[in-house]
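Working notes, structure below.
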Amino acid sequence: MGRERRRLLVANWKMHFVRAQALEYLKVFTERVQGISNTEIVLAPPFTLLETVRREIQGTAIKLAAQDLFYERKGAFTGEISAIMLKDLGCAYVIVGHSERRRLFGETDELISKKLRAALDAEITPILCVGETLEERRAGRTQRVLETQIRGALAGLALSENLVIAYEPVWAIGTGVNAEPEEAEASALFIRELVAQLFDTEIAQKIRILYGGSVKPANFEGFVRQPNIDGALVGGASLDPEAFAQMVKIAECC
Ligand code: PGA
């Protein structure tokens, strides 16, 4: 029997690349991942590259994600981008509540909840990011933090399996210091059990939970072999098409 949940790898390019670089990347990457069929591959470029990437991945199994959205449908919100606009560009996924947005742009659980609802309404699958800071971890508050973030974000939402949750300990993001796979698995299990409690067991079994934070080809297998970790949200290492393709291949065969 195959895995119940399809593995998922998301490349979060953050604020990197202009068009020529994206095209160069895609030339290498699309060739390297030809024939991949069990693993779902998602690229999350900056807004300015969504159309470029969309055109290049047409006809492949690679899917498109945005890195953020605004919750209103339209109106006088200078600089913002709605779920409808993302849908129009072919986005299947959108990252919501990344720790960089929480920390640098003051995003709260309440705001994140509105963004989740907007994504779901537009039939875009949100990738909700949660995770504790180093200080919270040292104080033994990891689970309490995860619970607050998840309860806050999912409050009042009608969920199907149309949700991905990325467990991203803040201290592991962009630092080169990854969580231990067993530690990440404990958090993933905690998240799954919490979703079961808030919604139901079936939904909890179906949603995919990713690990994120300094994932690279050398450490990825340890994560993807954990029973409750279904893939990864990759930042830095996803900027190298060879490295990202290598991780896709690990997900495909392990
Ligand atoms: P990183 O970033 O892989 O560079 O640690 C992960 C993320 O921010 O999603």
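Would you check if Asn178 is at pLDDT below 95 and within 16 Å of the ligand (Cβ to nearest atom)? Steps first, answer last, please.
Details: at pLDDT below 95: yes; within 16 Å of the ligand (Cβ to nearest atom): yes.
Taking the combined requirement at face value, the residue satisfies it.
Of the residues making up the range 128-144, those that are surrounded by 12 or more Cβ atoms within 10 Å (Cβ to Cβ) and in a helix (DSSP H, G or I) are Leu134, Glu136, Arg137, Thr142, Gln143, Arg144.
Remark: Glu4 matches the filter, which requires a residue to be touching a helix residue (DSSP H, G or I) at 6+ places or on another chain (Cβ under 8 Å), farther than 19 Å from Gly174 by Cβ, away from the ligand (no atom under 16 Å from the Cβ) and at pLDDT below 95. Residue count for the range 207-254 satisfying the condition of being away from the ligand (no atom under 12 Å from the Cβ), closer than 23 Å to Gly35 by Cβ and hydrophobic (A, V, I, L, M, F, W, C): 7.
Within the range 45-100, the set of residues being in contact (Cβ under 8 Å) with a residue 24 or more places away in the chain, in a helix (DSSP H, G or I) and closer than 15 Å to Glu123 by Cβ comprises Ala83, Ile84, Leu86, Lys87. Among the residues making up the range 7-24, those that are within 20 Å of the chain's Cα centre (by Cα) and either modelled with pLDDT under 95 or more than 16 Å from the ligand (Cβ to nearest atom) (or both) are Arg7, Ala22. On inspection, Gly156 does not qualify as in contact (Cβ under 8 Å) with a residue 12 or more places away in the chain, on the phi > 0 side of the Ramachandran plot and crowded, with 18+ Cβ neighbours inside 10 Å. For Thr48, the conditions (1) surrounded by fewer than 22 Cβ atoms within 10 Å (Cβ to Cβ); (2) closer than 17 Å to Arg208 by Cβ; (3) among the polar types (S, T, N, Q) all hold with the exception of (2).
If you go through the range 60-86 and keep only what is small (Gly, Ala, Ser) and under 18 Å from the mean Cα position of the chain (by Cα), you end up with Ala61, Ala65, Ala66, Ala83.
Could you please give the count of residues in the range 1-53 that are of a type in the set (Val, Ile, Thr), within 30 Å of Glu202 (Cβ to Cβ) and out of contact with any Ser or Thr (no Cβ under 9 Å at 6 or more places or on another chain)?
Residues of the range 1-53 that are of a type in the set (Val, Ile, Thr), as a first pass: 10, 18, 28, 30, 33, 36, 39, 41-42, 48, 52-53.
Add one more test, that the residue is within 30 Å of Glu202 (Cβ to Cβ), and what stays is 10, 36, 39, 41-42.
Within this subset, residues satisfying the condition of being out of contact with any Ser or Thr (no Cβ under 9 Å at 6 or more places or on another chain) are 36, 39, 42.
Within the range 1-53, residues that are of a type in the set (Val, Ile, Thr), within 30 Å of Glu202 (Cβ to Cβ) and out of contact with any Ser or Thr (no Cβ under 9 Å at 6 or more places or on another chain) number 3.
So, restricting to helices (runs of 4 or more DSSP H) that lie completely within the range 162-254, which ones have at least 1 residues that are buried (at least 22 other Cβ atoms within 10 Å of the Cβ) and touching a residue at least 12 places away in the same chain (Cβ under 8 Å)? First the steps, then the outcome.
Values: elements: 181-198, 201-206, 217-224, 241-253.
Here the list reads 181-198, 217-224, 241-253.
Kindly indicate whether Thr30 is farther than 30 Å from Ile150 by Cβ, at pLDDT 95 or above and in a loop (DSSP other than H, G, I, E, B). No; evaluated as a whole, the condition is false for this residue.
Among the residues of the range 66-83, not a single one is within 16 Å of the ligand (Cβ to nearest atom) and touching an Asp or Glu at 6+ places or on another chain (Cβ under 8 Å). Taken as a whole, the structure leaves Phe105 outside the set of residues that are more than 16 Å from the ligand (Cβ to nearest atom), modelled with pLDDT of 95 or more and aromatic (Phe, Trp, Tyr). Here Ala186 clears all of (1) over 22 Å from Ser113 (Cα atoms); (2) within 16 Å of the ligand (Cβ to nearest atom); (3) among the aliphatic types (A, V, I, L, M) except the condition numbered (2).
Only one of Ser82, Ser113 is in contact with a Lys or Arg (Cβ under 6 Å, 6 or more places away or on another chain), modelled with pLDDT of 95 or more and hydroxyl-bearing (Ser, Thr, Tyr). Can you tell me which? It would help to see each step written out before you state the result.
Working: Ser113 fails: in contact with a Lys or Arg (Cβ under 6 Å, 6 or more places away or on another chain).
Just one listed residue meets the conditions, Ser82.
The values are calculated or read from the model by the stated rules, or taken from the named source; none is laboratory data. None of these values were measured; they are calculated from a predicted model. Positions of Cβ are backbone-derived with ideal geometry, glycine not excepted, and every protein chain shown enters the neighbour counts.
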